[in-house]
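Note sheet for the following structure.
The values are calculated or read from the model by the stated rules, or taken from the named source; none is laboratory data. Keep in mind the model is a prediction, meaning the values are calculated, not measured. Glycine also receives a Cβ, built like all others from the backbone with ideal geometry; neighbour counts cover every protein chain displayed.
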Amino acid sequence: MVEKLQDIAAAMVARGKGILAADESSGTIKKRFDTIGLTSTEDARRDYREMLFRAEPAMSQRISGVILYDETLRQKAGDGTPLVELIRNAGAVPGIKVDMGAKPLAGYPGETVTEGLDGLRERLAEYYELGARFAKWRGVISISNDLPTKGAIHANAHALARYAALCQEAGIVPIVEPEILMDGTPGDHSIDRCYEVTDAVLKAVFAELDLARVALDGMVLKPNMVIDGKNARKASVEEVAEKTVKCLKANVPSDVAGIAFLSGGQSDEEATAHLSAMNAANDLPWPVTFSYGRALQAAALKAWGGRSENVATGQRAFSHRAEMNGLAAIGNWKRELETAA
Ligand code: 5MM
C-alpha cells in the first residue's frame, strides 16, 4: 500500500512527539565520539544508534521519526534485526539524510551550497525500498554583517526546492532545512539580525518551493529559531519565542504540515525552554515540535560513554530529554521537571 504524503507528514508532527536527528555523517559522528574518547568504528556507530532506538519510553511515547545516515539505514542490530525495524516497531517513521553536504559556493567566499541533486531520483527510489518514508536536506547559511549574500540564499533555496519536489515524486516527505548558523563565525550577531536573515531566507525558500510545485501539506519545515549568535547570547526565552513565532507566521503558509526545529548548538535545556514557550504562548497555525540532534543526544552520549554496561543509563538520559521535549511540544514543560528528574 502506498502511504499518502500527508499522512506520513502528520505522523511526523504528531501531538507531543518530535523527531530524533541521528543522521550525523561519518565526520560529525567522529567529532561527537571524540568527546567521550571513543574511536568511531562501524560497530561503535551501530551500538550507539541501537542504544537510542531501543530506548523506552522515549521511542514509543515521544519520538515520531528518526533521521538516519545512509550507513545506519542499512545496519542491523546486535541480534540481526535491521535498525529500521527497531524504529518501525516503536511506532516511529524512519527517515534518511539525502544531501551530500555543504560545499564552498564558487564566487562567494565564506558561503556554501548544499550538493546532492545529481542521481537523487535513483537514490530516493532505493531509500524507499529500504524503508525510508521521509528525507532531510540541510542548506547552511552563514550570518555576519555582510553575509549571507542574495546569491547564496538563492542557490540554497533553489536546491532545497528541487530536492523537495524529487522526494514527493518518490512518495517521500521532504524535511526542508534552511539553517542560519547560530554557532558559526563570528557568532556575534544580534537577535534582530537573525530575524532579518531568517525572514529573507524563508521568503526565498517558499518562493522556490512554490515554483517547484511542492505540496506544502506533504512537507515539514526544519528551521533555526530566531536567536542571537553563540558569542552574543543575551535574549530571554520569551524574546526568542516571540520573535521566532513572528517570523514564522510572516513567512510560512498555514498549509505546511508542520514545523520541527533544529537545536543549532543551544544547550539541551534552552532548546526545550524555547520550544515550550512558543507552544504555550501562541495560537499557532501548524504543529510546532523538535527535530533535535545535539539537544536530544548530548546527555545520552555522555552517560553511555561507549560502554555496554552503561546502555540503560544512556537510555534513561535519552528518555528524559525526549520526555522534556515532548512536553515542550505541547507547551507543558516546566524547569522544575528537570531538577525533579
Ligand atoms: C545530526 O546532525 C545532522 C547532520 O549533520 P552533518 O551532515 O553535518 O553530519 C544535522 O543536519 C542535524 O540534523 C541538524 O542540524 C539538527 O541538529 P542540531 O544538533 O542542530 O539539533
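Can you find even one residue in segment 258-269 that is part of a helix (DSSP H, G or I), within 16 Å of the chain's Cα centre (by Cα) and of a type in the set (D, E)? Spell out the reasoning first.
So in segment 258-269, the residues part of a helix (DSSP H, G or I) come out as 268-269.
Checking which are within 16 Å of the chain's Cα centre (by Cα) leaves us with 268.
Okay, now just the ones that are also of a type in the set (D, E), so 268.
Scanning segment 258-269, I find at least one residue that is part of a helix (DSSP H, G or I), within 16 Å of the chain's Cα centre (by Cα) and of a type in the set (D, E), so the answer is yes.
Mind checking which pairs have a first residue in segment 141-155 that is free of Cβ contacts under 8 Å to residues at least 40 places away in the same chain and a second that is crowded, with 20+ Cβ neighbours inside 10 Å, Cβ under 7 Å, 6 or more apart or different chains?
Taking only residues 6 or more apart or on different chains, the pairs are L147/E111.
Please pick out the residue among D283, D255 that is at pLDDT below 95 and in a loop (DSSP other than H, G, I, E, B).
On inspection, the qualifying residue turns out to be D283.
Which fully enclosed helices (runs of 4 or more DSSP H) of segment 70-156 have 1 or more residues being touching a Lys or Arg at 6+ places or on another chain (Cβ under 7 Å) and among the polar types (S, T, N, Q)? Break it down stepwise before answering.
Details: elements: 70-73, 83-89, 120-129.
In segment 70-156, 70-73 are the helices (runs of 4 or more DSSP H) which contain 1 or more residues that are touching a Lys or Arg at 6+ places or on another chain (Cβ under 7 Å) and among the polar types (S, T, N, Q).
Is there a residue in segment 302-311 that is out of contact with any Ser or Thr (no Cβ under 9 Å at 6 or more places or on another chain), β-branched (V, I, T), assigned to a helix (DSSP H, G or I) and touching a residue at least 24 places away in the same chain (Cβ under 8 Å)?
The answer is yes, given that some residue of segment 302-311 is out of contact with any Ser or Thr (no Cβ under 9 Å at 6 or more places or on another chain), β-branched (V, I, T), assigned to a helix (DSSP H, G or I) and touching a residue at least 24 places away in the same chain (Cβ under 8 Å).
Which of the residues belonging to segment 16-47 are more than 23 Å from A260 (Cα to Cα) and touching a residue at least 24 places away in the same chain (Cβ under 8 Å)? Full working, then the answer.
Of segment 16-47, the ones more than 23 Å from A260 (Cα to Cα) are 26-27, 30-31, 33-47.
Scanning segment 16-47 gives S26, F33, T35, I36, G37, L38, E42, A44, R45, R46, D47.
Taking segment 280-298 as the search range and keeping residues that are more than 18 Å from the chain's Cα centre (by Cα) and not small (G, A, S), which one is farthest from the ligand (Cβ to nearest atom)?
If we filter segment 280-298 for residues that are more than 18 Å from the chain's Cα centre (by Cα), which is where we start, we get 280-285.
Adding the requirement that they be not small (G, A, S) leaves 282-285.
Numbers: N282: 21, D283: 26, L284: 20, P285: 23 Å.
By that ranking, first place goes to D283.
Suppose we keep only residues that are surrounded by 22 or more Cβ atoms within 10 Å (Cβ to Cβ) and within 13 Å of the ligand (Cβ to nearest atom) within segment 10-26. Which one would you say is nearest to T289 (Cα to Cα)? I'd like the intermediate steps shown before the answer.
Here is the first cut: in segment 10-26, the residues surrounded by 22 or more Cβ atoms within 10 Å (Cβ to Cβ) are 12-13, 17-24.
Add one more test, that the residue is within 13 Å of the ligand (Cβ to nearest atom), and what stays is 18-24.
Details: G18: 6, I19: 8, L20: 11, A21: 13, A22: 16, D23: 18, E24: 20 Å.
Among them, the one singled out is G18.
Evaluate the following for I29: is it assigned to a loop (DSSP other than H, G, I, E, B), of a type in the set (A, V, I, L, M) and either surrounded by fewer than 18 Cβ atoms within 10 Å (Cβ to Cβ) or at pLDDT 95 or above (or both)? Before you say what the answer is, go through the steps one by one.
Values: assigned to a loop (DSSP other than H, G, I, E, B): no; of a type in the set (A, V, I, L, M): yes; either surrounded by fewer than 18 Cβ atoms within 10 Å (Cβ to Cβ) or at pLDDT 95 or above (or both): yes.
So I29 does not fit the description; no.
List every residue pair whose Cβ atoms sit under 8 Å apart, with the two residues 6 or more apart in sequence or on different chains, where the first one lies in segment 117-134 and is among the aromatic types (F, W, Y) and the second, anywhere, is part of a helix (DSSP H, G or I).
Y127/L73; F134/I8; F134/A9; F134/M12; F134/C167
Just a yes or no: is a residue in segment 48-57 charged (D, E, K, R), in contact with a Ser or Thr (Cβ under 6 Å, 6 or more places away or on another chain), outside any loop (DSSP other than H, G, I, E, B) and within 16 Å of the ligand (Cβ to nearest atom)?
Of all residues in segment 48-57, those charged (D, E, K, R) come to 49-50, 54, 56.
So of that shortlist, the ones also in contact with a Ser or Thr (Cβ under 6 Å, 6 or more places away or on another chain) come out as 49.
Those left that are additionally outside any loop (DSSP other than H, G, I, E, B): 49.
Add one more test, that the residue is within 16 Å of the ligand (Cβ to nearest atom), and what stays is 49.
Yes, there is a match, as at least one residue in segment 48-57 is charged (D, E, K, R), in contact with a Ser or Thr (Cβ under 6 Å, 6 or more places away or on another chain), outside any loop (DSSP other than H, G, I, E, B) and within 16 Å of the ligand (Cβ to nearest atom).
Restricting the first residue to segment 221-250 and requiring it to be under 15 Å from F261 (Cα atoms) and at pLDDT below 95, which pairs with a second residue that is within 16 Å of the ligand (Cβ to nearest atom) and among the β-branched types (V, I, T) meet a Cβ separation below 6 Å and a spacing of at least six or different chains?
Cβ pairs passing all conditions: none.
Take V98 and tell me if it is within 14 Å of the ligand (Cβ to nearest atom), under 24 Å from A159 (Cα atoms), modelled with pLDDT of 95 or more and touching a Cys at 6+ places or on another chain (Cβ under 9 Å). First the steps, then the outcome.
Values: within 14 Å of the ligand (Cβ to nearest atom): yes; under 24 Å from A159 (Cα atoms): yes; modelled with pLDDT of 95 or more: yes; touching a Cys at 6+ places or on another chain (Cβ under 9 Å): yes.
The answer is yes for V98.
Restricting the search to segment 286-301, which residues are buried (at least 20 other Cβ atoms within 10 Å of the Cβ), hydrophobic (A, V, I, L, M, F, W, C) and part of a helix (DSSP H, G or I)?
Result: A295, L296, A300, L301.
Would you mind telling me which numbered condition in (1) within 16 Å of the ligand (Cβ to nearest atom); (2) surrounded by 17 or more Cβ atoms within 10 Å (Cβ to Cβ); (3) over 27 Å from A232 (Cβ atoms) K103 fails?
Only one criterion in (1) within 16 Å of the ligand (Cβ to nearest atom); (2) surrounded by 17 or more Cβ atoms within 10 Å (Cβ to Cβ); (3) over 27 Å from A232 (Cβ atoms) is unmet by K103, namely (2).
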